[in-house]
Structures are given as C-alpha cells and as structure tokens.
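What follows is a short report on a single structure.
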Amino acid sequence: MAVAAIGVVVGFFAGLFGKGGSAIATPLLHAAGVPAIVAVAAPLPATIPSTAVAFSAYRRGHFVDGRVIRWSLAIGVPATIVGALLTRWISGGVLVMVTDVLVAGLGIRFLLRPCQPREATREPFGYRSRLAAVAAVAGLVSGLLANSGGFLLAPLYMSVLRMPVKRAFACSLAVAAVLAVPGTLVHWALGHIDWSVVGLFALTSIPLSYAGARVAIRTRPARLERLYGAALATVGVGLLVLAR
C-alpha cells in the first residue's frame, strides 16, 4: 500500500516538474522499508511509460526542442550505461544519501537564483558544448543513481542552456524516458530490480504523471519555477532528516 501511495505522489510531481521521479521515489521507498539497492533500482522501469505519457501532454502544447533531445540522447545513453556499471562498487545506502543531497541542493539553488531564459532567436557561444556537458553529466548520474536523469536535466537545461521552464520540462521528460532503458537493463542484469515493487509503483504513477503535466502546462512560468525550487528543496531536506 505504501508503494502505491508513493507512486501517486511521485507520478503527479514527475509530470508537473518534467522529471522521471526516480530520484524522489528512491528515498521514499527506502524510508517505507524497501531495501536500499531495490529502492534505488525498482522505480526506474516505471519511469519509461510514466515519462512518455507526461511528455505527450507537453508535445501537444508545442514545448518540444528536437535538437536538445537528440544531442542529449546521443551523449546521455552511453554515459548512463557507464554510470550503471559503476554501481557494482558503490553501496545502495551511499546512492540513497547522494540522491537526497542532490535533490536538496538543486532545489535551494533554484530558489536562490531563478534562471532567466535566453531569447529563442539567439544561441550563446559554446551552446553545443554546454549541451554536450549537460547530457554527459545527467547520463552518468542517471546510471549511477538508477534514475532517469530528469531531476538533473530540467534544472541544468534552465540554468546552463537558459531554456524556458516548460520547454526544459518537455525535453527532460523525453530524454528521461530513453535514459531509463539502459539503466533498467543493467540493473536488471545485476539483480537489483524487484518487479512486484515496479508493478505496484507503475500502476499509480503512470496516470498521475499525465495529470501533473497538464497542470504544469496551465501554470504561469514564473510560478512554476518557484514551485519547482520549493518542491525540490523541501523533499530533499526532509528526506535527509528522515535518513539520519
């Protein structure tokens, strides 16, 4: 029952904030009694359909940047495989703690320094290099922490590439859906995935992810950015407190 409830919460906020939800689901599942390494890996397969469903809502709203998605996938997929393989030498408990710290830090940063989107007709110097760096970092962390990378992609798209918030969320969801595939396969091969947890989590998270995306599309960008930062900071700090 706890896994299903977590799926409801994570699914809605994943669609609302353009992320797969694994970064939040992992510590919540662990706090609910799921073993650490299972909590790290089990939410990842459910990310694939839930992010795809949420992305469909953003696509209908014409918030997609195809070039950003293509570059992110070309670099992010191999980086994800490398990160997933590195989990052989890192314990599940360490991965859970790293997830908590990253979520809290990104939220606080976003609250303190809101991002200003660039003009759509202007491309800053070194844009492609920055995009490649974002994809590499997000892919590596995605594999290492067994999540789809969405919790890093959206804020990095906004802060590094200066993308508008809804476009960043749309691209984040599209990339996260694909990055979840190699990570899922590697962690499955390593025996980290409990498919009973996956099924229950997916049952509630998938429909709620679409609902969250629809709410985000109807929300003013400035308000959406503040909500995003506040949610990440609150969840990250709260989970760090619970983990002590």
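Read-outs throughout are calculated quantities, based only on the coordinates presented, and are distinct from any laboratory measurement. Treat the numbers as computed from the prediction; the structure is a model and nothing was measured. Ideal geometry is used to build each Cβ from the backbone, glycine not excepted, and the neighbour counts take in all protein chains shown.
Can you compute the FRET efficiency between residue 101 and residue 1 using 1/(1 + (r/R0)^6), with r the Cβ-Cβ distance and R0 = 41 Å? Round to the nearest 0.05.
With a Förster radius of 41 Å, E is 0.90.
Tilt of helix 221-243 relative to the longest C-alpha principal axis of the chain, in degrees (0 to 90, nearest 10)?
20 degrees
How large is the translational diffusion coefficient of segment 2-243 in µm² per second when you combine the Kirkwood radius over alpha carbon pairs with Stokes-Einstein at 4 °C and 1.567 mPa s?
Answer from the Stokes-Einstein relation: 76 µm²/s.
Convert each backbone phi in segment 41-55 into a coupling constant with the Karplus relation 6.51 cos²θ - 1.76 cosθ + 1.60 (shift: θ = phi - 60°), then list the ³J(HN,Hα) values in order as whole Hz, x for Gly and Pro.
These are the phi-based 3J(HN,Hα) values: 9, 4, x, 4, x, 5, 5, 4, x, 5, 5, 5, 5, 5, 4 Hz.
To the nearest 0.05, how large is the calculated FRET efficiency for residue 89 and residue 59 if R₀ is 41 Å and r is the Cβ-Cβ distance?
0.60
Only loop residues by DSSP count here, and only those with at most 15 other Cβ atoms within 10 Å; note down the trypsin sites (Lys or Arg not before Pro) in segment 157-230 that meet that.
Here the sparse-neighbourhood loop sites are 218.
Which value, in Å to one decimal place, does the Kirkwood hydrodynamic radius take for segment 1-69 when every pair of different Cα atoms is included?
12.7 Å
Based on the alpha-carbon gyration tensor of segment 138-244 and its eigenvalue square roots a ≥ b ≥ c, which shape applies: rounded if a/c is under 1.5, prolate if not and a/b is larger than b/c, or oblate?
Taking the square roots of the gyration eigenvalues as a ≥ b ≥ c, segment 138-244 is prolate.
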